[in-house]
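Have a look at the structure below, then the notes.
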Ligand SMILES: Nc1ncnc2c1ncn2[C@@H]1O[C@H](COP(=O)(O)OP(=O)(O)OP(=O)(O)O)[C@@H](O)[C@H]1O
Ligand SMILES: O=C(O)C1=C[C@@H](O)[C@@H](O)[C@H](O)C1
Ligand SMILES: [Mg+2]
């Protein structure tokens, strides 16, 4: 269980917190969206528009199934919708400590302002879309996670230290 898995809504900070957390722990870092983009040589947005959401969800499940073989000392950031697919919560929990990065609607709206890379938030009524998805997904994130960390009004270092504390990881001061 020496891996850390970050789950949560789009804009909760999984990718940015995950990258910095891995650096601090001297762990490897992976992000499921980035792995899928690399493997398919195109963006998540293009995969959604060319093949649809269902196809993308299959790629997500295949990606985390593959990681089980040899993932160690790794921070894995996930796509915001990955825990929604049935069975993925179990796959994530067998990989390591699953941390739910929580954020309020207000915080998410600020962080996602002007974003064009997230297909589920494209077009009009972004606030309504975020509200509806957040209602649907919050109980799923809560059930999938071992621990939750609120990210509202916290900087990256505060969030990272909280995660390290929850996972009970001893930092080797000689390595940092
Ligand atoms: N605690 C924070 N304080 C300030 N800005 C933040 C914080 N967390 C994330 N952000 C900013 O919010 C934006 C979205 O963050 P990020 O891409 O890491 O989200 P994500 O959870 O990976 O989203 P997705 O599910 O779409 O991959 C980025 O611009 C990031 O810098
Ligand atoms: O919340 C979601 O469903 C998504 C989040 C992103 O990380 C990407 O995986 C994609 O834009 C879908
Ligand atoms: Mg991300």
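For the list (1) loosely packed, with under 15 Cβ neighbours inside 10 Å; (2) more than 13 Å from ligand 2 (Cβ to nearest atom); (3) in contact (Cβ under 8 Å) with a residue 24 or more places away in the chain, I need the number of the one condition that residue 114 fails.
All conditions are met except number (3).
Considering only residues that are assigned to a loop (DSSP other than H, G, I, E, B) and either modelled with pLDDT of 95 or more or under 27 Å from residue 166 (Cβ atoms) (or both), look in region 93-117 and name the one that is nearest to ligand 3 (Cβ to nearest atom).
Across region 93-117, the extreme among qualifying residues is 103.
Yes or no, residue by residue, for (1) in contact with a helix residue (DSSP H, G or I) (Cβ under 9 Å, 6 or more places away or on another chain); (2) closer than 23 Å to residue 123 by Cα; (3) more than 11 Å from ligand 3 (Cβ to nearest atom):
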| position | (1), (2), (3) |
| --- | --- |
| 21 | yes, no, yes |
| 29 | yes, no, yes |
| 52 | no, yes, yes |
| 70 | no, no, yes |
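Pairs under 6 Å by beta carbon, first residue more than 15 Å from residue 94 (Cβ to Cβ) and free of Cβ contacts under 8 Å to residues at least 24 places away in the same chain in region 53-80, partner part of a helix (DSSP H, G or I) and within 15 Å of ligand 3 (Cβ to nearest atom), six or more apart or different chains?
56/47; 56/48; 59/36
What is the one condition in (1) touching a residue at least 12 places away in the same chain (Cβ under 8 Å); (2) over 17 Å from residue 157 (Cα atoms); (3) away from ligand 2 (no atom under 14 Å from the Cβ) that residue 25 does not satisfy?
(2)
Would you mind stating whether residue 36 is within 23 Å of residue 13 (Cβ to Cβ), without any contact (Cβ under 8 Å) to a residue 60 or more places away in the chain and under 13 Å from the mean Cα position of the chain (by Cα)?
no
So if I check each of 70, 46, which one is over 15 Å from residue 164 (Cα atoms) and either outside any helix (DSSP H, G or I) or touching a strand residue (DSSP E or B) at 6+ places or on another chain (Cβ under 6 Å) (or both)?
None of the other options fit; the residue is 70.
Give region 46-89 a look and list any residue that's over 21 Å from residue 144 (Cβ atoms) and either crowded, with 18+ Cβ neighbours inside 10 Å or within 14 Å of ligand 1 (Cβ to nearest atom) (or both), or say none.
47, 48
In region 121-143, which residues are within 12 Å of ligand 2 (Cβ to nearest atom), assigned to a helix (DSSP H, G or I) and surrounded by 14 or more Cβ atoms within 10 Å (Cβ to Cβ)?
Hits for region 121-143 are 121, 129, 130, 133, 134, 137, 140, 141.
Go through the residues of region 35-45 one by one and say whether even a single one is more than 12 Å from ligand 2 (Cβ to nearest atom) and crowded, with 21+ Cβ neighbours inside 10 Å.
No, every residue in region 35-45 fails to be more than 12 Å from ligand 2 (Cβ to nearest atom) and crowded, with 21+ Cβ neighbours inside 10 Å.
The values are calculated or read from the model by the stated rules, or taken from the named source; none is laboratory data. Just so it is clear, the structure is predicted and the values come from calculations on it, not from any experiment. Note: ideal-geometry Cβ built from the backbone for every residue, glycine included; neighbour counts use all protein chains shown.
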